[in-house]
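Input: a single structure, listed below in structure tokens.
The values are calculated or read from the model by the stated rules, or taken from the named source; none is laboratory data. Being a predicted model, the structure only gives us computed values, none of them experimental. Heads up, the Cβs are rebuilt from the backbone with ideal geometry, glycines too, and the neighbour counts pull from every protein chain shown.
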Amino acid sequence: MRFVPTKTPEQESCLVLHRTRHLFVRQQTAVINTIRAHLAEFGIVAPVGRNGVEELLYAVADHKDERIPEVARACLQALGTLLGQLKAQILEFDRQINTWHRSNETSRRLDELPGVGPALATALVASVADPKAFRSGRDFSAWVGLVPKQNSSGGKEKLGNITKQGDRYLRSLFCAGALAVIRYAKIHGSTHRPWLTKLLERRPTKVAAIALANKIARMAWAMMAKGECYREPIALAR
């Protein structure tokens, strides 16, 4: 039997903060898609992204635009108001996460790891009550769902896609952090990270991001379990 270590009230409250923010982000996406879909019915479209949504809201606010009937305009204005409230609340949640991050020593140490920011660092500290409950970094990475499925027999090792088991929220943050590291490496070069350079040469970006996320997860576990700060590997140090 596997027993889950009890989290502290502080960890639980941080998880509530993350989950509530995540819910608001999903609601924000739903409202944006709703605004786009409704206006598309009247032939009004805009580019993807934040600026595109702002263009649509400007069109809604313009009462001289006769393409939008008044009944539809009133509904779209209500959706625009709701979108503004959601954005403001998400920014407040981000501020609270940063405050929690600065107050926690382990979270600050994790922030030094490339690909880990305040959001992932605080989510890790809040989600993992006892890092030593995992025997190794691979066990922790498997718990997150970043290791490949095993279909091996007869001495032949066959690895499939990642299992996608465990905490979906943590997995998405690890993958986002890995993509950020890769994006930075493509812009500024990655000569000081030969492992990542060779990986990007033979694998697509998203496949390399999963492998890098797995590596980041293992390093994060080691830092939490051993209470150490991030140290650049000697073989990769400048």
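So here's what we get for this one:
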quantity	calculated
From 39, 83, 91, 76, residue being out of contact with any helix residue (DSSP H, G or I) (no Cβ under 7 Å at 6 or more places or on another chain) and at pLDDT 95 or above	91
Answer residue from region 23-78, given it is of a type in the set (Gly, Ala, Ser) and assigned to a loop (DSSP other than H, G, I, E, B) and is nearest to residue 92 (Cα to Cα) among those	49
Any hit, region 27-40, residues being out of contact with any Pro (no Cβ under 7 Å at 6 or more places or on another chain), farther than 30 Å from residue 173 by Cα and surrounded by 14 or more Cβ atoms within 10 Å (Cβ to Cβ)	yes
Some residue of region 171-188 being buried (at least 17 other Cβ atoms within 10 Å of the Cβ), over 26 Å from residue 102 (Cβ atoms) and modelled with pLDDT of 90 or more	yes
Meets criteria (modelled with pLDDT under 95, under 29 Å from residue 172 (Cβ atoms), surrounded by fewer than 13 Cβ atoms within 10 Å (Cβ to Cβ) and not polar (S, T, N, Q)) for residue 47	yes
Candidates 110, 83, 120, 91 - the one that is among the aliphatic types (A, V, I, L, M), closer than 22 Å to residue 52 by Cβ and surrounded by 16 or more Cβ atoms within 10 Å (Cβ to Cβ)	83
